[in-house]
Amino acid sequence: MNRHQKAAIAVAAAAALSFSLTSTAYAAAEEKPSYASSTIVVSDVRTGEIVYQQTDQIPVDEGTTTATIETRVPSPHVPVNPGVVAPRSSVGGNYDNGSIKSSITITYSLNSRGDQIRTEKVTGRWTPDPGFALQGRKVEIYSGGGSPSIIKKAPPANTYSYNTGWGFQTKPPQNSLTSPRVLAEVKFKLSGTGSAWLKLTHWVDLSGV
């Protein structure tokens, strides 16, 4: 092998290495972890005052087709005055000191190209601590997009499960207003204390899927 052949091989090897590094870097930059967004708002039913609010991004395992979000709202103290609600701590969207827990599971599918999404089923529950009364339960399911299909339900109990029957639709831009999303709302109070009715509004969306 002469000097010119060696130089040509070296140049080709360098070019291949450069292409490999560039491709790897590009792929790393393109990879984004999937997540679901969870927002809870607790407000005083009588005054409308927001007494607690929290938004979290919860990781969703790659390759899965369900997103489950559980969140526990802070507990009001006794006696309860409007606005007296304070969180103690939270880890990954699960609040360890609370009066009521809201859990929402969204089952969805993506097509083979990943550019269409279908919300298939929504299940969930509210779990109150002893002594808490619930009323005014409401669930709304939105398919996503600019003019979404909507399912509105008033569950008679603290658990619910709804199939949508929807087909695939173009995956909308990743934001909470156009992505597939679910609202679970309930009013709650600590019985026998004269406390105010509070409203828990829990939104979960698939903006990061």
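Quick one: in the stretch 168-194, which of the residues that are open to solvent by 10 Å² or more (accessible area, probe 1.4 Å) and more than 22 Å from ILE106 (Cβ to Cβ) is modelled with the lowest pLDDT? Restricting to residues being open to solvent by 10 Å² or more (accessible area, probe 1.4 Å) and more than 22 Å from ILE106 (Cβ to Cβ), the top hit is THR193.
Here ALA67 clears all of (1) at pLDDT 50 or above; (2) assigned to a loop (DSSP other than H, G, I, E, B) except the condition numbered (2).
Might you check whether a residue that is modelled with pLDDT of 70 or more and not charged (D, E, K, R) occurs anywhere in the stretch 15-34? Checking the stretch 15-34: at least one residue is modelled with pLDDT of 70 or more and not charged (D, E, K, R). Applying a threshold of 7 Å to beta carbon distances and a minimum spacing of six or more residues, or different chains, the list of pairs starting in the stretch 186-209 at a residue that is within 30 Å of GLY114 (Cα to Cα) and ending at one that is open to solvent by 20 Å² or more (accessible area, probe 1.4 Å) and among the aromatic types (Phe, Trp, Tyr) reads GLY208/TYR35.
Touching a strand residue (DSSP E or B) at 6+ places or on another chain (Cβ under 9 Å), of a type in the set (Asp, Glu) and open to solvent by 20 Å² or more (accessible area, probe 1.4 Å), is that true of ASP205? For ASP205, the condition - touching a strand residue (DSSP E or B) at 6+ places or on another chain (Cβ under 9 Å), of a type in the set (Asp, Glu) and open to solvent by 20 Å² or more (accessible area, probe 1.4 Å) - is not met. Beta carbons closer than 7 Å, at least 6 apart along the sequence or on distinct chains, pair a first residue in the stretch 25-45 that is over 14 Å from GLY208 (Cα atoms) and among the acidic types (Asp, Glu) with a second that is open to solvent by less than 60 Å² (accessible area, probe 1.4 Å) and at pLDDT 65 or above for ASP44/VAL51; ASP44/ALA196; ASP44/LEU198. Criterion first (within 18 Å of THR201 (Cβ to Cβ), open to solvent by 20 Å² or more (accessible area, probe 1.4 Å), at pLDDT 50 or above and not in a strand (DSSP E or B)) does SER75 satisfy it? Yes.
The set of residues from the stretch 115-155 being of a type outside the set (D, E, K, R), in a strand (DSSP E or B) and over 20 Å from TRP166 (Cα atoms) comprises TRP126, THR127, PRO128, PHE132, ALA133, LEU134, GLN135, GLY136.
The values are calculated or read from the model by the stated rules, or taken from the named source; none is laboratory data. Keep in mind the model is a prediction, meaning the values are calculated, not measured. FYI the Cβ positions are ideal-geometry reconstructions off the backbone, even for glycines, and counts take in every protein chain you see. Side chains included, ligands, DNA and RNA excluded: accessible areas come from the protein's heavy atoms. Shrake-Rupley method; radii C 1.70, N 1.55, O 1.52, S 1.80 Å.
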